[in-house]
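The values are calculated or read from the model by the stated rules, or taken from the named source; none is laboratory data. These numbers come from a predicted model, not from an experiment. Heads up, the Cβs are rebuilt from the backbone with ideal geometry, glycines too, and the neighbour counts pull from every protein chain shown. What goes into the accessible areas is simple: the full protein's heavy atoms, side chains included, and nothing from ligands, DNA or RNA. Shrake-Rupley method; radii C 1.70, N 1.55, O 1.52, S 1.80 Å.
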Amino acid sequence: MKTTYSLFIASLLVLSGCAIAPTHPALQKASLPDLIPVRDFVADRQSNDGYQVSPDGKKLAWYGVSGVRPAIFVKSLDGQEQKIFNIYPRYFHWSADSRHLLFVADHGGDENTHIYLASVDGDDTALKDLTPYDKTVAHLGRVVKDGSEIIITDNRRDKKVFDLYKFDLATGRETMLATNPGKVQFWITDRLGNLVARVLQDGEKNLMQRKPMGAEKDWATVAKWSIFDIVYPLELSADDKWSWTISNRGRDKSALVKLDLTNGNETVVYADPDADVAGARISALTLQPLTAYSEPDYPKEEFFDPRLRAGLDKLIGGKPADIHVISIDDQERRMTVSVGTDHGSRSYLFDAETGQATLLGESDLARMTTPLASIKPISFHSRDGVTLHGYLTLPVGVPPEKLPLVLAVHGGPWWRDTWVGIAQDSQFLANRGYAVLRINYRGSTGYGRTFMEKAIGEFAGKMHDDLIDGVNWAISSGVADSKKIAIYGRSYGGYATLVGMTFTPDVFACGAASVAPADLARLIENVPPYWELGMPWWRRYVGDPANPEDRKKMDAKSPLFKADAVTRPLLIMHGVNDVRVKLQQSELMVDALRKAGKQVEYVVFPDDGHSNRNWANNLTHYRKVEDFLAGCLGGRSSGFDYYQLGSWAM
């Protein structure tokens, strides 16, 4: 026993001494801040966020950590006792009576989400599965105001589409409200849970239709728009005659509008000339907007309620911040608010009557004492004259000259990098000594219809040119060392990484790709069945693999068929349960690379899917990335993290 223990301690000491010092010339003599352990980024046991106040304003629920596992905590605001539910949902919501929590969670990242019910009263922490159906995706559509009912959508009957149900939490009775005829994209209910309208796909048009009333037999079409328009209803008026909606119908950028449900007309209420309006919160009491937000570079929040404007402005102190009302009680007095910056986020309980804000918790970044970098918005012109926006993060304590640089590419591609959203990854990489460049390439959301549509047919084309133009901008600006540039990304960002290493192999010293499509035709042929109504987007932007000419073009843009062009090291990672980009994509790419004699490291994450939600897998992911980049770019690595011992035991 003593010998075994001694060997264990000796092994641990050896592993603990594997930190890698920087070898890049720009970093060797730099005054870099202390190296932050990987665990502080991805396995923080003090983690707490997502605070939600109960409808009666008397309780709080939030994401936290119990032992070494994520959990949901709940407590009364007038007491210290806490109750812990051992579940890590994708999202959760209070019941209308404040006596229950509703969790929407999957298993191992398979995205087959179930809805679970838990009582916040008493000692019982049991979870009741309200949607116990195999290989079914369930969503919580709405918690009905002033009642015990909730609205659910799921695809138990037909895996391609979602039917609409009402579930009574008090009696356990479920009622089907509507059967999907096969083309309904989403259902629209009012605050009392009544089905009012639906949006149905008809060819290349979306039809907004009112539910039949009285003696009527058919759904009445009240508005039409292209399936490539963005029209997202938020909340109905008290008389169900119009809807607060985010829409870009007839305009370049999305705006907050009133959509008339009798004639389809829109009235613009708020628009940002520089960016899409991404969302808004509507008051449950007045049915008027409280806030709307956009993000041209730094976040921009518009407050329609003077109480909120006066009180919440104090929290940001006139500096850039991403401020969101996360939850609000029935009287709209108490609310939870998140205030995020490039240095992390803080959660507050805000009293709208008194203007008092009480700190509830801080993210891992916000609690770090090691100096963090600043993330700055940038813009430049592509080779064909398109204005591109992004963010540059420079490491602390290093002159910004000829630095090793990581080009980090966001997924989607119909997504975008945001100032706060990229903070975790960017700070991690900057702490290792790298400049971090992020570009919202054409096709990214947030900058309007015209900018997005410039990406049609441009996978491995102008979308990739935008990334290379960003690299050249960083080199010509003197920031980047042209010989020490890596490309790194997940999902579409992983695809861009593989494209970078195969189509432009001389640009990058190495690449790290996670859940990356390698074969575009196979990707589209193997999407989940419930993606069917969204596939026109993919066929428009990428191609239809059933069309021989399209398939030929897709193959030409697929890194799988250019594996022999790789000349530099590659790290490829993938979650076993990924339903969006199947594991086969990475298996085929790795096999092709190895047959071609290329240098590739392959890591598979068990019990995870398209994004790592398991902290042990996240720890492995970031440890692999920091060691890999240290080897090819010359930055530093923290070496073995003793939390890895715990992750191995899980």
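Numerical summary
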{"item": "Test: residue in the range 527-545 that is among the hydrophobic types (A, V, I, L, M, F, W, C), open to solvent by less than 60 Å² (accessible area, probe 1.4 Å), at pLDDT 95 or above and closer than 17 Å to residue 574 by Cβ", "result": "yes"}
{"item": "Residues that are open to solvent by less than 30 Å² (accessible area, probe 1.4 Å), in contact with an Asp or Glu (Cβ under 9 Å, 6 or more places away or on another chain) and closer than 30 Å to residue 113 by Cα, drawn from the range 589-604", "result": "589"}
{"item": "Segments classed as strands (runs of 3 or more DSSP E), wholly inside the range 190-303, with at least 1 members that are basic (Lys, Arg)", "result": "195-202, 205-210, 220-226, 255-260, 277-282, 300-303"}
{"item": "Some residue of the range 613-634 being outside any helix (DSSP H, G or I), modelled with pLDDT under 95 and not polar (S, T, N, Q)", "result": "yes"}
{"item": "Identity of the residue in the range 322-356, β-branched (Val, Ile, Thr) and more than 22 Å from residue 427 (Cβ to Cβ), that ends up modelled with the lowest pLDDT", "result": "354"}
{"item": "Residue list for the range 159-182, restricted to those being open to solvent by 40 Å² or more (accessible area, probe 1.4 Å), within 19 Å of residue 219 (Cβ to Cβ) and not in a strand (DSSP E or B)", "result": "162, 179, 181"}
{"item": "Enumeration of residues in the range 536-555 that are in a helix (DSSP H, G or I) and either touching a residue at least 40 places away in the same chain (Cβ under 8 Å) or within 15 Å of residue 456 (Cβ to Cβ) (or both)", "result": "536, 537, 538, 539, 540, 541, 550, 553, 554"}
{"item": "Filter result (open to solvent by less than 20 Å² (accessible area, probe 1.4 Å) and under 17 Å from residue 250 (Cβ atoms)) within the range 438-450", "result": "448"}
{"item": "Top-ranked residue in the range 110-124 [being at pLDDT 95 or above and part of a loop (DSSP other than H, G, I, E, B); ranked as nearest to residue 59 (Cα to Cα)]", "result": "120"}
{"item": "Residues satisfying the stated conditions in the range 509-526, i.e. part of a loop (DSSP other than H, G, I, E, B) and buried (at least 18 other Cβ atoms within 10 Å of the Cβ)", "result": "509, 515, 516, 517, 518, 519"}
{"item": "Scan of the range 57-98 for residues that are in a loop (DSSP other than H, G, I, E, B) and crowded, with 16+ Cβ neighbours inside 10 Å, ordered by number", "result": "57, 87, 88, 89, 95, 96, 98"}
{"item": "Number of positions in the range 261-275 that are open to solvent by 10 Å² or more (accessible area, probe 1.4 Å), modelled with pLDDT of 95 or more and in contact with a strand residue (DSSP E or B) (Cβ under 7 Å, 6 or more places away or on another chain)", "result": "6"}
{"item": "Members of the range 258-298 that are of a type outside the set (D, E, K, R), under 30 Å from residue 391 (Cα atoms) and touching a Ser or Thr at 6+ places or on another chain (Cβ under 7 Å)", "result": "275, 277, 278, 280, 290"}
{"item": "Condition check for residue 278: open to solvent by 60 Å² or more (accessible area, probe 1.4 Å) and more than 26 Å from the chain's Cα centre (by Cα)", "result": "no"}
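One line per residue, one yes/no per condition, for (1) without any contact (Cβ under 8 Å) to a residue 60 or more places away in the chain; (2) charged (D, E, K, R); (3) within 27 Å of residue 201 (Cβ to Cβ):
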site	(1), (2), (3)
243	yes, no, yes
248	no, no, yes
256	yes, no, yes
260	yes, yes, yes
270	yes, no, no
273	yes, no, no
295	no, yes, no
300	yes, yes, no
